[in-house]
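Asker: Encoded as structure tokens, here's the structure I'll be asking about.
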Amino acid sequence: YFWKRMVLKSLVLADLTLQGGLNGINHNAAGSGVGSDYNLVTLSHVTFRNMANAGILIDNIYAWDNNFIDHTNFYRCKTGIKQIPNPAYIGGDRVGMTFLDKNVFYQTQFVENDVAIDWPSKRGNNLNAFINSQFKDNGLVINQVNSDATFFANSVFESASKHSIMLANRITGFVNSYFTGK
């Protein structure tokens, strides 16, 4: 079938706090269109606080690809970053497949969220990086089923939980990262 992929470029949010509400950023099919491809997004010095659903929701669109998120905080949200792919997706290049590729999170903090990162993809997410990031007192740090080559460098994981902090079914890399329990 024929579909049109839309590209949104150069979205920048800086020096901003988004507090309360359902989602801080809501990139979903109803508002953006199922063919939306968000790339060259920059979030710098942004705080998402007390979001009832997610700080960032990426729901049934085409992709979040080649974005830079720095000095951004997710604090006491139900989910820091949540991905919802089209449940009917079975493969190929299709609208609504909702993948996350080559996103860099630099000095990002996830503190006291129920889930820090919830990325249960259908079309695999690829090459996402968390550098100098902090994950503190989250219920679950990351659900990244079907994500390839996600890596964490110089990142700190602090948790009082007695449960697993990560769910993954593919290789995840940790370089010079620190894990501690309370």
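The values are calculated or read from the model by the stated rules, or taken from the named source; none is laboratory data. All values derive from a computational prediction rather than experimental measurement. Only protein heavy atoms, including side chains, enter the accessible area calculation; ligands, DNA and RNA are left aside. Shrake-Rupley method; radii C 1.70, N 1.55, O 1.52, S 1.80 Å.
Asker: Could you grab the Rg to Rh ratio for the range 75-146? Cα atoms only, Kirkwood for Rh.
Answerer: Radius of gyration relative to Kirkwood radius: 1.01.
Asker: When the Cα centres of the range 123-182 and the range 32-90 are compared, how far apart do they sit, in Å?
Answerer: Taking the Cα centre of each part, the range 123-182 and the range 32-90 sit 17 Å apart.
Asker: Apply the Karplus parameterisation 6.51 cos²θ - 1.76 cosθ + 1.60, with θ equal to phi minus 60°, to every residue of the range 98-107 and state each ³J(HN,Hα) to the nearest whole Hz, in sequence, with x for glycine and proline.
Answerer: 3J(HN,Hα) across the range 98-107, in whole Hz: 6, 10, 10, 10, 6, 9, 10, 10, 10, 6.
Asker: Expressed as a whole percentage, what fraction of the accessible surface of the chain belongs to carbon and sulfur atoms when a 1.4 Å probe is rolled over the protein heavy atoms?
Answerer: 54
Asker: Another question about this same structure. Using a 1.4 angstrom probe, figure out how much accessible area the range 31-169 has per residue, in square angstrom, rounded to the nearest whole.
Answerer: Numbers: 4990 Å² over 139 residues.
Value returned for the range 31-169: 36 Å² of accessible area per residue.
Asker: Right, next: Can you list the HN-Hα couplings for the range 150-160, worked out from phi with the Karplus curve (6.51, -1.76, 1.60; θ = phi - 60°), rounded to whole Hz and with x for Gly and Pro?
Answerer: 6, 9, 10, 10, 6, 10, 10, 10, 10, 8, 9
Asker: Taking every alpha carbon pair in the chain, what does the distance histogram look like in 10 angstrom bins from 0, in percent?
Answerer: That works out to 11, 39, 38, 11, 1, 0, in percent per bin.
Asker: What list of ³J(HN,Hα) values in whole Hz, one per residue of the range 110-123 in order, does the Karplus curve 6.51 cos²θ - 1.76 cosθ + 1.60 (θ = phi - 60°) give from phi, with Gly and Pro shown as x?
Answerer: Those phi angles translate into 10, 10, 6, 8, 4, 9, 6, 9, 10, 10, x, 7, 9, 7 Hz.
Asker: Work the Kirkwood hydrodynamic radius out for the range 117-177: mean of 1/r over every pair of different alpha-carbon atoms, inverted, in Å.
Answerer: About 11.9 Å for the range 117-177.
Asker: Which entries in the list K78/K162; K82/K102; K78/K182; K102/K182 go over 24 Å, if you measure between the two C-alpha atoms of each?
Answerer: K102/K182
Asker: According to the Cα gyration tensor, what semi-axes, each the square root of 5 times an eigenvalue, does the equivalent ellipsoid of the range 53-111 have, listed from largest to smallest in whole Å?
Answerer: Computed over the range 53-111, the values are 24, 14, 6 Å.
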